[in-house]
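Encoded as structure tokens, the structure appears first; notes follow it.
The values are calculated or read from the model by the stated rules, or taken from the named source; none is laboratory data. The shown structure was predicted, so the numbers you read here are calculated from the model rather than taken from an experiment. Cβ sites come from the backbone with ideal geometry, for glycine too, and all protein chains shown count toward neighbours.
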Amino acid sequence: MKIIRLVGVGAVLAAGGLTFLRAQQPVDADADVQQKITALEKIIMQETPPAAPSAPAQPGGTNAAPVAPTAPGGEGIPITPAVRYFHVLRQNALRRDYPNAIAAANNIAGADSNDAVQKILADLIPELQKLKDTKDAAISSRTKDLLDRATKAVKSAKDPKELDEIIAELGQAVAASRSDFNNVESRTTYNQVNAAASFIKEWQSYLADSASGNTMNASNDLRGLANRSDTFSFMPIPRSELLDMSLKMSGQQPAIIDSKVEVHGFDDLATAISQLQSLQRSGGYYNQEAAEQLNALQNLRNSYLAYQDKNYTGALQSLQGYPFMTAGMVTNGVSGASSGATPSQNSLRKEILALKDQLLVDIAQGLLNLPDAPAPDKEEHATDYLLRIAGLRAKASDWTGLQQVLTVYGQFANSFYAQQSWLQEDLAGLHAYLVGEKLEAAGQTLDAIRSYRQSLATLGRFFPADPPSAKLKALAKQSPDLYQQALQQPISKTP
């Protein structure tokens, strides 16, 4: 029967008497590693010649021979790479820092070709790997057990005090795993238990707010939990349930709001804003959902007023504000009603969204200022409309018009979407091509060739390679010397 002892994985934590992440390891396995390290030390130190003695300093002289650096604790043992790596190996093995111990052992294998050294390392490295695997398995097992107990605690707790113990234990686990960050498994544990600790603290806040009758804060606590974005998520309660609980806790009555607040056109916005504000003041309706709807109505009205003043850029900016840029309201032309919303609640959202989409198309037409542009199709979104016009301009080889359309599309992309790489390529290619035409017309042939080469190097979606290619072929025949001179310089995509 093997004698078992505790081998520390991270610092010992006294609080609560808990020692999270402490693996058990047979004494003989660890002792065997230490024996091999001791045998390795004897060979490395014996094969390292003593450092040459320092020449005595002459009286009044300053030319004493420098003393070679020696290994710690060694008498005249110079610090060779193998000696240096050995000390790193021994220190990390004693600390049970197996990843760094394995790395040091591999470094010794590369620095010392002695057969005896290589033989010991061939046995030592696999044993260190086994110790690391055993330690990682223990960490993973204890982490799973702790997270399972944390999940049960959340689901069973009725009083905030019932979560104090698991919160304390999670805090100790966070500290222990942080102290062993050289280990990949410990870093994973840190992220997992840290996410669990954060969730349970917020859940404890929800229980406290709910018990005190503060339904507004309790509703916001639940919505905050539903919108968490931890890399290592801990979600013991499904998000849909959290959202449903938040709606019920808020005391909102969507049927009443939708029956009292209706928006069928831009002229209804001012009245709808006043009605929703009155409902909020009457009590029981002020929550995140109602606040988002009110903000959406106000931003929509500000945008419409700017549009009427022909301030199209200002109109677009007004629609960039909260909550139109929030996933909970409207995202890329799609209703973002929460999973806990009722069909009645969605009606006001749909009315707001329909007006927003209509206004964006009107703004796009105003920014374009192209009298010959075709009218938008029914229910066509602004970005789809702009892309359709871009295709028509490209087909007609109207490069100036295409540049104008894509510039407007870029304003919409910057406001509501992630910037697309093809758009920047197209705009850069168009800019370089149009500049090349001006330079060519002004007789600046060499610079024109350079601009056409820049244009040809772009990889966009609408601007083809044919126009700059045709220009370059013509100028190569017209001015071969200048063309060859331009070829000597690298192509720059920067306009």
Boolean, SER469 is in contact (Cβ under 8 Å) with a residue 12 or more places away in the chain and either surrounded by 15 or more Cβ atoms within 10 Å (Cβ to Cβ) or within 30 Å of TYR312 (Cβ to Cβ) (or both): no
From the list SER140, SER156, which one is modelled with pLDDT of 90 or more and of a type in the set (S, T, N, Q)? SER156
Where residues in segment 178-225 are of a type in the set (D, E, K, R) and farther than 26 Å from ASN92 by Cα, which of them is surrounded by the most Cβ atoms within 10 Å (Cβ to Cβ)? ASP221
Among the numbered criteria (1) within 33 Å of the chain's Cα centre (by Cα); (2) assigned by TED's automatic domain parsing to the domain that holds GLY460, which single criterion is violated by LEU392? (1)
Meets criteria (surrounded by 14 or more Cβ atoms within 10 Å (Cβ to Cβ) and free of Cβ contacts under 8 Å to residues at least 60 places away in the same chain) for LEU459: no
Restricting attention to segment 355-383, which residues are touching a residue at least 12 places away in the same chain (Cβ under 8 Å), surrounded by fewer than 20 Cβ atoms within 10 Å (Cβ to Cβ) and of a type in the set (A, V, I, L, M)? LEU368, LEU370, ALA373
Sole miss for GLY443 among (1) part of a helix (DSSP H, G or I); (2) within 21 Å of GLN488 (Cα to Cα); (3) not charged (D, E, K, R) is condition (1)
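Checking the condition among the hydrophobic types (A, V, I, L, M, F, W, C), under 30 Å from PHE324 (Cβ atoms), assigned by TED's automatic domain parsing to the domain that holds LEU386 and under 33 Å from the mean Cα position of the chain (by Cα), which residue from LEU427, LEU459 passes?
LEU427
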Restricting the search to segment 280-303, which residues are surrounded by fewer than 20 Cβ atoms within 10 Å (Cβ to Cβ), under 20 Å from LYS350 (Cβ atoms) and modelled with pLDDT of 90 or more? GLN298, ARG301
Please work out if ILE363 is assigned by TED's automatic domain parsing to the domain that holds VAL261 and within 16 Å of ALA413 (Cβ to Cβ). yes
Could you say which residue among SER274, SER240, SER198 is assigned by TED's automatic domain parsing to the domain that holds LEU147, at pLDDT 75 or above and either in a helix (DSSP H, G or I) or β-branched (Val, Ile, Thr) (or both)? SER198
Would segment 416-423 turn up any residue that is of a type in the set (A, V, I, L, M), closer than 30 Å to GLN317 by Cα and outside any helix (DSSP H, G or I)? yes
Filter segment 93-133 for residues that are touching a residue at least 60 places away in the same chain (Cβ under 8 Å), more than 16 Å from GLU185 (Cβ to Cβ) and surrounded by 18 or more Cβ atoms within 10 Å (Cβ to Cβ) and give the result. ALA93, ILE108, ASP112, VAL117, ILE120, LEU121, LEU124
